[in-house]
Amino acid sequence: PPRDKGFMVLSVTGNTTATISLPSSSSYIVNYAAPIKPNTRYLFSGWVKHLETHAANITAAIVWYDGYGNVLSTTTLPTALTTTADWAEFKSSSDGGRNGKLSPAKAVYAGLKINVTPSNSSSNHYAFDMLQLAEADVSLEFEDARRVRVYVKGQFENLLPNPNFEKGVGGWIASPTGSFAQ
């Protein structure tokens, strides 16, 4: 489950369903929607908890867009997750398990919708963290989108251990009468 720092809090007053969307209706799809591949299974997931004693029902959906920003379709809503005071994972619908939904043949972008339906009409606060849209077959582990992994292999491989003596002169010997100065 997520840490207790670095999460987003949604404040909802009343028991009318609030919707969190990415991109917003006034945003340019190309700048804010996620680029995806057509005919590929995707799963949207995240973690949520309520900060007061009032639970909410959470559902999530993926909205598929073509290259011009036109809506192609939206995934069906899954069974709602009821929040607790502890972090719990919610997901968009799947055909089975965590296999997600297949993007349409003309899909180029994906948008996200999270519906929050509070259980009472007072002011409520809900924490969200670790939101992720990923290909379903690699969606089991959260990956921070800012993480960059770089693997570099040199053109030549030096087989000598400690060739620049950063760890002293261990393993080297000067003979018969030489000595090392560091």
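Going by what's in this entry, would residue 55 be described as touching a Leu at 6+ places or on another chain (Cβ under 9 Å) and open to solvent by less than 70 Å² (accessible area, probe 1.4 Å)?
Details: touching a Leu at 6+ places or on another chain (Cβ under 9 Å): no; open to solvent by less than 70 Å² (accessible area, probe 1.4 Å): yes.
In short, no.
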Q | Meets criteria (modelled with pLDDT under 95, among the hydrophobic types (A, V, I, L, M, F, W, C) and surrounded by fewer than 19 Cβ atoms within 10 Å (Cβ to Cβ)) for residue 22 | A | yes
Q) Since residue 69 meets every condition but one in (1) out of contact with any strand residue (DSSP E or B) (no Cβ under 7 Å at 6 or more places or on another chain); (2) open to solvent by less than 30 Å² (accessible area, probe 1.4 Å); (3) more than 16 Å from residue 109 (Cβ to Cβ), which condition does it not meet? A) (3)
Q) When residue 57 is evaluated against the numbered criteria (1) part of a loop (DSSP other than H, G, I, E, B); (2) farther than 15 Å from residue 21 by Cα, which criterion, by number, is the only one it fails? A) (1)
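Does any residue of the stretch 119-132 turn out to be more than 18 Å from residue 77 (Cα to Cα) and free of Cβ contacts under 8 Å to residues at least 24 places away in the same chain?
No.
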Q) With respect to the numbered conditions (1) hydrophobic (A, V, I, L, M, F, W, C); (2) under 27 Å from residue 137 (Cβ atoms); (3) in contact with a Lys or Arg (Cβ under 8 Å, 6 or more places away or on another chain), which one is the sole condition not fulfilled by residue 112? A) (3)
Q. Which is surrounded by 10 or more Cβ atoms within 10 Å (Cβ to Cβ), at pLDDT below 70, assigned to a loop (DSSP other than H, G, I, E, B) and more than 18 Å from the chain's Cα centre (by Cα), of 158, 120, 162?
A. 162
Q) In the stretch 17-54, what residues are within 11 Å of residue 103 (Cβ to Cβ) and part of a loop (DSSP other than H, G, I, E, B)? A) 36, 37, 38, 39, 40
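The values are calculated or read from the model by the stated rules, or taken from the named source; none is laboratory data. What you are looking at is a predicted structure, and each value in this text was computed from that prediction instead of being measured. When we count neighbours, we look across all protein chains shown, and the Cβ atoms used for this are built from the backbone with ideal geometry, even at glycine. Side chains are part of the model used for accessible areas, which takes the heavy atoms of the whole protein and leaves out ligands, DNA and RNA. Shrake-Rupley method; radii C 1.70, N 1.55, O 1.52, S 1.80 Å.
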